[in-house]
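Here's the structure, in C-alpha cells; my notes come after.
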C-alpha cells in the first residue's frame, strides 16, 4: 500500500475532481476533507458511507481512505501533522490530540451539531477565499481559520465519545480509550494486566479508575466497542464472517457468533440480512 506524506506543518487546498486522485493510500498525517458540492461514497478502513455537501471527514494517521465520486465534486482539504496541534497553545482543550485520534469514522461526517455545520460552511468559504488571495498576513489568516475548524471538529467528536464518560475526564483516560480503539483487533493487548502495565497502574486500580471515569467496566466498553465495529463491518463492507472473525482476533466463526449472539441474540449472517435487506 502506498503512503502519502506532507512536507509542511499545514497544507490547505481546494480541488474540483470527477475521479478520486488517490486510492488505497495510507497517510501519516491528519486530514480534514470538507464536501462543498457533489456526492458519492466515502470509504474508510474497509467501511463505506454515502456523503453529501456539508459533510466533514477527519482522517487520522494510518487511516486508509478513498472516495467513489458520483460526477464532479468540490472539496476543501486541510492536512496537518501531529506537531501542528502540539505546538498550538489550545486554551481549554489540552487533550485535543487525544480527541482527534479518537474520531471513530463509524458514522461518517464528524459534524453532528446543526449550528456547527453552518459555522463550518462559512469558515470553509473564508478559507477557500484566503487560499486564492496572496495578501499580507494571509498565512496567519489561514491558520486561524483552520484552528477554528479543528476546535469545532474536536467538540463534535467529544459529543460522540463514550456515552457515559465523565465531563471531567482526565488526559490519561482519553489516552486509554485511544489505546483500546487502536488495539481492538488484538485481544492480547487488551488484557487487564497488559493495559495496567502500559499505563503504570495496578490491575485492581485500573478497573475502578475506568469505571469512575466512564461509568461502565472496561470489559463492557471493550465488548461494546468491538460489537459496534463488527456491526459496521456487516453493514458497510463485503467481508465474509470468517474474515471478520480473523480481523478481530476470534478463533473461528463459531467463536465470533457466540460473542455476537450474547449482545444481539442473532448470528452475524442474520444481523447482516436484517440490516441490509
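Observations, loosely collected:
- For the range 83-106, the candidate set comprises residues that are buried (at least 16 other Cβ atoms within 10 Å of the Cβ) and outside any loop (DSSP other than H, G, I, E, B); within that set, the residue that is modelled with the lowest pLDDT is 98.
- Inside the range 268-277, residues that are touching a residue at least 12 places away in the same chain (Cβ under 8 Å) and surrounded by 13 or more Cβ atoms within 10 Å (Cβ to Cβ) make up a count of 4.
- Inside the range 185-194, residues that are part of a helix (DSSP H, G or I) and farther than 14 Å from residue 221 by Cα make up a count of 4.
- Scanning the range 221-244 for residues that are farther than 23 Å from residue 192 by Cβ and touching a helix residue (DSSP H, G or I) at 6+ places or on another chain (Cβ under 6 Å) gives 233, 234, 235, 239, 241, 242, 244.
- Strands (runs of 3 or more DSSP E) contained entirely in the range 1-44, each with at least 3 residues that are at pLDDT 85 or above and assigned by TED's automatic domain parsing to the domain that holds residue 60: 10-17, 30-37, 40-44
- Hey, residue 260 buried (at least 18 other Cβ atoms within 10 Å of the Cβ) and within 21 Å of residue 108 (Cα to Cα) or not: no
Every residue, every condition in (1) closer than 16 Å to residue 236 by Cα; (2) more than 15 Å from the chain's Cα centre (by Cα); (3) in contact (Cβ under 8 Å) with a residue 60 or more places away in the chain, yes or no:
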position: 38; (1), (2), (3): no, yes, no
position: 42; (1), (2), (3): yes, no, yes
position: 46; (1), (2), (3): yes, no, yes
position: 49; (1), (2), (3): yes, no, yes
position: 53; (1), (2), (3): no, yes, no
position: 61; (1), (2), (3): no, no, no
position: 66; (1), (2), (3): yes, no, no
position: 76; (1), (2), (3): no, yes, yes
position: 83; (1), (2), (3): no, yes, yes
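- Residue in the range 55-73 that is assigned by TED's automatic domain parsing to the domain that holds residue 117, part of a helix (DSSP H, G or I) and touching a strand residue (DSSP E or B) at 6+ places or on another chain (Cβ under 9 Å) present: no
- From the options 142, 134, residue that is in contact with a helix residue (DSSP H, G or I) (Cβ under 9 Å, 6 or more places away or on another chain) and in the same structural domain as residue 56 (by TED's automatic domain parsing): 142
- Checking the range 152-162 against the condition returns no match, with no residue being free of Cβ contacts under 8 Å to residues at least 12 places away in the same chain and assigned to a helix (DSSP H, G or I).
- Of the helices (runs of 4 or more DSSP H) lying entirely inside the range 202-248, those carrying at least 1 residues that are in contact (Cβ under 8 Å) with a residue 12 or more places away in the chain and more than 21 Å from residue 174 (Cβ to Cβ) are 218-236, 241-247.
The values are calculated or read from the model by the stated rules, or taken from the named source; none is laboratory data. Every value quoted in this text rests on a predicted model; they were computed, and no experiment measured them. Positions of Cβ are generated from backbone atoms using ideal geometry, with glycine treated the same way; all protein chains shown enter the neighbour counts.
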